[in-house]
Amino acid sequence: MQSTILGWPRPAKIAVVIAVDVVLALLATWIAFTLRLDELHYPMGAQWWVYVLAPVLAIPVFVKFGLYRAIFRYTGQAALKATGQAVAVHCMALLSVLLWQQWPGVPRSVGILQPLLFLLLVGSSRALARFWLASLDGSRGQSDGRLLIYGAGTAGAQTASAIAISRQFVLLGFVDDDATKVGRSINGVPVFAPADVPDLVARRGVTDILLALPSSSRERRNRIIASLRSVPVHIRTLPGLADLATGRVTVQDFKELDIEDLLGRDPVQPSTDLLARNLANKVVLVTGAGGSIGSELCRQILLERPLQLLLLDHNEFGLYSIHQELQGLCIAEGLRSELVPLLGSVANPQRLQEICQAYQPAAVFHAAAYKHVPMVESNPAEGILNNVFGTLNMARAAIDNGIGQFVLVSTDKAVRPTNIMGASKRMAELVLQALAGQATNAATCFGMVRFGNVLGSSGSVVPLFRTQLASGGPLTVTHPEVTRYFMTIPEAAQLVLQAGAMATGGDVFVLDMGEPVKIMDLARRMVELSGLSVRDEGNPGGDIEIVVTGLRPGEKLYEELLIGDNPTPTAHPRIMKAHEDYLAWPELELHLQTLRRAADSSDVLAIKAVLQTCVHGYSAQTPQAT
């Protein structure tokens with residue numbers, strides 16, 4: 001029967017609810033007279049007017065308060081509050097009429113008794129409909145797991161309500177480190193202490209723990225996550241406060257742990273003054289706009305309200321995707337910036353000149369690059385043409401058109417590189433340093449920004465590990481000791497924008513990224529936080545194996561951020577300025593001519609020879625796994 005009712009058209013459902021409310025209004029009137037007169041009531045004379053007035057006054061008020069727009073299966077406190085307000089208005093209207101008319105045989109107290117009884121009947125009918133109709137959803141399949149909610153606050157209570165409606169999980173309890181809440185209950189669900197979690201998992205078969213802590217600090221979240229790593233459960237989280245502002249939580253809001261949770265440190269906070277500098281009401285060009293870093297740069301630049309945002313990429317689908325997303329962001333945030341999608345490659349200097357002449361950007365953020373180490377190692381000529389000469393083409397277009405700011409997105413792999421990708425990015429840095437050293441190019445301020453691996457980007461291990469986990473493993477790590485610095489995509493983009501604002505010409509900026517992370521430790525962390533165990537010699541019955549595949553061509557065990565050892569502080573406490581030696585432009589230009597001929601002819605030996613000459617610490621030898 002529930003399925004039949006749920007299948008009715010909306011007008012039919014509303015008509016049925018109105019009819020029920022009319023009956024309940026009449027029933028409340030009869031009970032009010034019976035209680036007041038202390039006998040079973042049969043209406044006579046003027047008393048019939050009260051039976052007419054009760055539904056005639058109530059239904060329009062209910063319509064006005066939107067009670068017939070609610071979906072009974074999902075009604076909650078907001079609907080109950082609206083019902084109470086509607087009945088209160090109905091009470092005032094009915095009582096006013098009774099006091100005015102002074103009908104014989106009609107006690108004035110009926111004007112108060114009837115609304116109170118009516119509120120009780122209507123509220124009960126809504127609650128009954130909710131539980132009866134919601135039972136249909138729960139009968140459609142088995143629950144997905146047995147759940148504990150970590151956090152007995154408002155978000156946790158909302159989540160419990162969503163779970164009760166969806167029936168996708170069996171909620172076993174809340175967990176909270178507030179001693180005043182432990183031992184109590186929320187809507188009949190007990191609250192446990194964190195120390196009880198291992199015992200609950202063992203005794204009650206808990207499969208999932210949901211972190212309902214949208215406003216907690218990163219430090220607290222990290223402590224909680226670390227304490228749960230040894231427990232064989234799947235840990236997930238709710239969105240942040242901004243995403244929960246509507247006050248509604250659904251099971252679909254549950255998601256995997258944030259990238260920041262995997263990072264294990266607090267993200268670097270941006271300086272709003274630095275972010276806004278040189279962006280507001282300006283024309284800004286982003287190359288590689290469809291890539292991981294380029295697209296995040298576009299998002300954050302757009303929030304600073306530029307006059308025009310030029311999106312340049314040679315990948316049509318990537319350009320289309322970011323353009324559509326940014327158009328949606330403009331609508332959502334009420335932004336008036338003009339978005340201009342531009343198809344083109346940085347390897348085409350004529351196209352770059354045309355763009356700069358036509359739009360006259362005030363700033364260029366150059367994120368276009370081939371960045372996958374093994375891919376560039378296998379295609380060295382294309383890597384050089386794109387990463388080195390694409391940067392040179394863009395820099396010359398900036399100089400020729402008087403663009404005031406040029407920021408290169410670089411990488412920690414440019415420091416003492418063992419691969420062509422890293423060496424090509426260091427060559428791109430050398431190009432900008434040399435150009436900045438020429439007095440004739442003083443109108444354009446060049447800056448470079450180096451950072452480590454970006455969690456969540458297309459080349460990051462995190463999406464790879466998640467895909468491997470979803471398919472049952474194994475997780476692949478190239479070497480047990482391979483270590484990397486990590487940051488999030490928003491951190492990387494904010495660093496680029498802030499460092500660009502601090503550049504004075506030829507500067508190389510790096511982020512203080514804390515301690516590097518072992519990829520093996522990251523892999524273990526992701527397995528354990530998914531509620532699984534690592535299969536190894538000590539635990540042959542584990543769920544997921546981690547396989548060492550050997551270092552890839554050009555891959556290093558450890559990455560560095562500085563060539564020298566004398567960084568200086570900047571206006572941002574977590575951004576440092578490096579002081580790197582470089583070749584003067586006349587000397588570098590000769591090497592670039594040789595490198596261009598080698599790339600055009602795909603002469604790999606000649607390419608490596610130039611890189612070895614120009615890039616400090618570059619070795620063409622591929623390291624071997626030990």
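Each value in this text was obtained by applying a stated rule to the coordinates, not by laboratory testing. Nothing here was measured: the structure is a model prediction, and the numbers come from that model. A quick note on method: Cβ atoms are made from the backbone with ideal geometry, for glycine too, and the neighbour counts reach across all protein chains shown.
Just to verify a number: FRET efficiency for LYS13 and ARG184, C-beta to C-beta distance, R0 = 41 Å, to 0.05? The calculated FRET efficiency here is 0.60. Placing R0 at 25 angstrom, the Cβ-Cβ distance between ARG597 and GLU382 gives a FRET efficiency of 0.95 after rounding to 0.05.
With the charge dipole of region 302-415 set up from +1 on Lys and Arg Cβ and -1 on Asp and Glu Cβ about the Cα centre, the Cα lying farthest toward the positive end among the listed residues LEU385, GLN308, PHE406 is that of PHE406.
For GLY506, nonlocal amide neighbours, meaning residues 5 or more places apart or on other chains whose placed amide H falls under 5 Å from its own, are PHE446, GLY447.
Packing, as the average of other Cβ atoms within 10 Å across residues, places the peptides 18-31, 413-426, 498-511 in the order 413-426, 498-511, 18-31, highest first. Using the Cβ-Cβ distance between MET92 and TRP49 with R0 = 22 Å, the FRET efficiency computed as 1/(1 + (r/R0)^6) comes to roughly 0.80. Assuming a ≥ b ≥ c are the square roots of the Cα gyration tensor eigenvalues, decide whether region 307-445 counts as rounded (a/c under 1.5), prolate (otherwise, with a/b larger than b/c) or oblate. Oblate, since a/c reaches 1.5 and b/c is not below a/b.
Would you mind checking the pairs LYS13/LYS81; LYS282/LYS608; LYS518/LYS608 and listing those with alpha carbons more than 32 angstrom apart? Violating the 32 Å Cα-Cα cut-off are LYS282/LYS608.
Each residue of region 365-370 is assigned a 3J(HN,Hα), and the resulting list reads 10, 9, 10, 6, 6, 8 Hz, derived from the Karplus form 6.51 cos²θ - 1.76 cosθ + 1.60 (θ = phi - 60°), x at Gly and Pro.
Length gained on full extension, LEU116 to GLN353, computed as 0.36 nm times the residue gap minus the Cα-Cα distance: 77.6 nm.
Sorting the segments 353-363, 287-297 by their residues' average number of neighbouring beta-carbon atoms within 10 angstrom, most packed first, yields 287-297, 353-363.
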